[in-house]
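Enquirer: Sending over a structure as structure tokens; questions will come in a sec.
Just so it is clear, none of the values below were taken in a lab; they were calculated from the coordinates. Values in this document were obtained by computation on a predicted structure and should not be read as measured data. Positions of Cβ are backbone-derived with ideal geometry, glycine not excepted, and every protein chain shown enters the neighbour counts.
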Amino acid sequence: MKVGKFDHVAVTVSDTARALKFYVGMLGLKQVEQHQLEGDKVDEANGLKGAKAQSTRLMSPASPEVLIDLLEYYQPPGETHITPMGSVGSCHFALVVDDLPGAVAELKAKGVPFLSGPVNFKLTEGSVSVCFCMDPDGNYIELTEEHKH
């Protein structure tokens, strides 16, 4: 088997409206689609019984080919379980910004929690600064700024 292109990443949220305030309102992603998920095929694909959910698809204007799906499950009721960074089962995705210190300051002023401030890593060519924040449900997002030297 050989994988083709990368399509999307899904993030489970407890409240789509609250998540959109973060992902669209604060991070600047764009909503491109929203649809309901339910029925036998959804149950079969997800390994659930009686699943009812909503999928809201987001994209970054700079990379419209990769989508972020916000999934809110109405049935069955999900558990709130935040897996600490570094634990098996934790995951994150990265978004590139132009001014990482400015982005961190702006998001912190809006109450977004961060695991760290920007940390710089030297690469073979240039460097990259990264830090991790959390969405309203505790999902991890890496913010990164590339430095070409």
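Enquirer: If you take every residue apart from VAL13 with its C-beta less than 14 Å away from the C-beta of VAL13, what net charge results, scoring Lys and Arg +1 and Asp and Glu -1?
Expert: Local net charge: -3.
Enquirer: In Å and from the alpha-carbon atoms only, list the Rg and Dmax of region 16-77.
Expert: For region 16-77, the Cα-based Rg and Dmax read 13.0, 38 Å.
Enquirer: Under the definition of Cα pairs under 8 Å and six or more residues apart, what whole-number percent is the relative contact order of the chain?
Expert: For the chain, the relative contact order is 20 percent.
Enquirer: Follow-up. Among LEU115, LEU100, GLY126, which residue has its Cα positioned farthest towards the positive end of the charge dipole of region 45-144, with +1 placed on the Cβ of Lys and Arg, -1 on the Cβ of Asp and Glu, and the dipole taken about the Cα centre?
Expert: Of the listed residues, the answer is LEU115.
Enquirer: How big is the antiparallel share of DSSP beta bridges in region 58-149, given as a percent to the nearest 5?
Expert: 75 percent
Enquirer: So, with +1 on the Cβ of K and R and -1 on the Cβ of D and E, and no other charges, what is the size of the charge dipole of region 1-113 about its Cα centre, to the nearest 20 debye?
Expert: Its charge dipole is roughly 140 debye.
Enquirer: Hey, of (i) 1.03; (ii) 1.31; (iii) 1.00, which did the structure itself give for Rg/Rh (Cα atoms, Kirkwood Rh) when calculated?
Expert: Here the calculated entry is (iii).
Enquirer: If we count every other residue with Cβ under 14 angstrom of ALA103's Cβ, Lys/Arg +1 and Asp/Glu -1, where does the sum land?
Expert: That works out to -4.
Enquirer: Using the basic label-point model (7 angstrom from Cα toward the beta carbon), what is the ALA62 to VAL130 distance in nanometres?
Expert: Going from the ALA62 label point to the VAL130 one covers 1.6 nm.
Enquirer: Still on this structure: Given a Förster distance of 41 Å, report the FRET efficiency between VAL119 and GLN34 from their Cβ-Cβ distance, rounded to the nearest 0.05.
Expert: 0.70
Enquirer: Taking R0 as 25 Å, what FRET efficiency do you get between LYS52 and VAL9 from their Cβ-Cβ distance, rounded to the nearest 0.05?
Expert: Efficiency computed from Cβ-Cβ geometry: 0.70.
Enquirer: With a sphere of radius 12 Å drawn around the Cβ of GLN36, what net charge do the other residues whose Cβ falls strictly inside it have (Lys, Arg +1; Asp, Glu -1)?
Expert: -2
Enquirer: Something else about it: Report the charge-dipole magnitude of region 65-140 in Debye, nearest 20, computed about the Cα centre from +1 at each Lys and Arg Cβ and -1 at each Asp and Glu Cβ.
Expert: Value, rounded to 20: 340 debye.
Enquirer: I'd like to know which of GLY25, HIS35, VAL11 lies farthest towards the positive end of the charge dipole of region 1-74, counting +1 on Cβ of Lys and Arg and -1 on Cβ of Asp and Glu.
Expert: It is GLY25.
Enquirer: Now, a different point. Test of the criteria: in region 18-66, which trypsin sites (Lys or Arg not before Pro) are in a DSSP loop and have at most 11 other Cβ atoms within 10 angstrom of their Cβ?
Expert: LYS49
Enquirer: Label-point separation (nm) for THR144 and VAL88, each offset 7 Å from Cα along Cα-to-Cβ?
Expert: Rounded to a tenth, the inter-label distance reads 2.5 nm.
Enquirer: Which trypsin sites (Lys or Arg not before Pro) in region 88-149 pass both tests, a DSSP loop state and at most 15 other beta-carbon atoms within 10 Å?
Expert: When the trypsin sites (Lys or Arg not before Pro) of region 88-149 are filtered for loop state and at most 15 Cβ neighbours within 10 Å, LYS110, LYS148 remain.
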